[in-house]
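Read-outs: derived from the displayed coordinates by stated rules, not from any lab. Keep in mind it's a predicted model, so treat the numbers as computed, not measured. Please note: Cβ atoms are built from the backbone with ideal geometry, for glycine as well, and neighbour counts cover all protein chains shown.
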Amino acid sequence: MQRSTRVSMSMVAARAGVSGQTVSRVANDSPKVDPETRARVEQAMAELGYRPNRAARALRTGRSQTLGLVAQTLATVGNSRMLQAVAESAASRGYALTVLTLGPDADIAEAFDRLRDQGVDGAIVLNEATALARDAASAGLRLVVVDSPPDDRFAVIGTDHAAGARAATEHLLAAGHRTVHHLAGPAGPFAAAERERGWREALAAAGLETPRVARGDWSAASGFDLARRMPTERVTAIFAANDQMALGALRALAEIGRRVPDDVAVVGFDDIADAAQFTPPLTTVRQDFDALGDQAVSRLVSWIEGEHPADLLLAPRLITRASA
């Protein structure tokens, strides 16, 4: 049986018409290569199927070329989409990814110690684990946290959830509704609190009293239960903290004979892949998970390479469909 030939740096150098040192610099992301030469070397690598030796690179650079991702759970749509985006962005930059899920009773300090023991160059922390990250003994580990208040111990990237919630609430008020009821997310996550804050601010700016919050757990089942218990004869507009809760509310309203949007208008948040297929198609606030994942990785890699990144807040966008 014939063995496949391992592609070497010298083979790439010959294909690209450059020196072996130039190939090494490209493989190690050195800035000392002009863009035209870099493109030629990268094309030769792709054509030959060259894969840099990660272990050898780690010895040369003192870096493992591995990032960590920390999440309380990957069961939520937002976290699973973030994982996909982070994994793709990390791979495109030549980094491997180690994923750590905490569960409800995790020892956060021990979890970050495990990441350090595995030699990751830095880690991305997703929304529900944000508060835990602030309490972690994370000295020596570069962190980019998704959805968090500013903190000197790590870089922050996120969606402007409050702005998205204000836009959703203002859209419903502009349609003539006297107030807007809120199916809120759980009390802990930063994103849920910011969406609730934006809803409250929009009502206050319109001079309206704030209805009592109905708090769920991000699931469609909780949206269904909460909407069933609302005083439906007085509710004409609902802003749900995410699309799953909005989906549950749509089912509840259908079961009690309330038409959407004629009797009750409903707006969600996230714009999940199936939101346009709800009955009726869901008006919602879109956050760009692909951009969030890519920017989180970009900032972490920049930090690993010596440049402390600035915090970044991405603007969401209201997507108007038939439910409101």
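Numbers at a glance
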{"item": "Among Ser92, Ser19, Ser302, residue whose mean-square fluctuation peaks in a GNM of the chain (springs only between Cα atoms under 10 Å)", "result": "Ser19"}
{"item": "Cut-off under 5 Å, modelled amide H: who pairs with Asn242 long-range", "result": "Phe269"}
{"item": "Degrees between helix 220-229 axis and first principal axis of the chain (Cα, 0 to 90, nearest 10)", "result": "10"}
{"item": "Candidates Val260, Val23, Val125: whichever shows maximal mean-square fluctuation once the chain is modelled as a Gaussian network with Cα springs under 10 Å", "result": "Val23"}
{"item": "Neighbour net charge for Arg234 - beta-carbon separation under 14 angstrom, K R +1, D E -1", "result": "+1"}
{"item": "Segment 161-286, dipole about Cα centre (Lys/Arg Cβ +1, Asp/Glu Cβ -1), debye to the nearest 20", "result": "280"}
{"item": "Which of Phe269, Ala204, Asn242, positive extreme of dipole for segment 196-301 (C-beta unit charges)", "result": "Ala204"}
{"item": "Nonlocal amide H pairs with Leu143, under 5 Å, H built at 1.01 Å", "result": "Ala123, Ala155"}
{"item": "Shape call, segment 108-243: gyration tensor on alpha carbons, a/c limit 1.5", "result": "prolate"}
{"item": "Antiparallel bridge percentage (DSSP; both residues within the chain; nearest 5)", "result": "10"}
{"item": "Ranked His182, His171, criterion: other C-beta atoms within 10 Å, fewest first", "result": "His171, His182"}
{"item": "Sites Arg259 and Asp217, calculated FRET efficiency, Cβ-Cβ separation with R0 30 Å, nearest 0.05", "result": "0.65"}
{"item": "Among Phe224, Phe269, Phe239, residue whose mean-square fluctuation peaks in a GNM of the chain (springs only between Cα atoms under 10 Å)", "result": "Phe224"}
{"item": "FRET efficiency, 1/(1 + (r/R0)^6) with R0 22 Å, evaluated for Val77 and Arg234 via beta carbons", "result": "0.10"}
{"item": "Inter-probe distance in nm under a simple model that places probes 7 Å from Cα toward Cβ, at Gln43 and Arg153", "result": "4.9"}
{"item": "Total charge dipole magnitude, the chain, about the Cα centre, Cβ charges on Lys, Arg, Asp, Glu only, Debye to nearest 20", "result": "780"}
{"item": "Farthest positive-ward along the chain dipole, Cα basis, beta-carbon charges - from His171, Pro35, Ala227", "result": "Pro35"}
{"item": "Whole-Hz couplings from phi, Karplus 6.51/-1.76/1.60, listed for segment 309-324; x for Gly and Pro", "result": "x, 7, 5, 9, 10, 8, 7, x, 9, 6, 10, 8, 10, 8, 7, 7"}
{"item": "Histogram of C-alpha separations across segment 70-116, 10 Å bin width, %", "result": "25, 46, 28, 1"}
{"item": "For segment 9-52, average projected area of the Cα convex hull in nm²", "result": "2.5"}
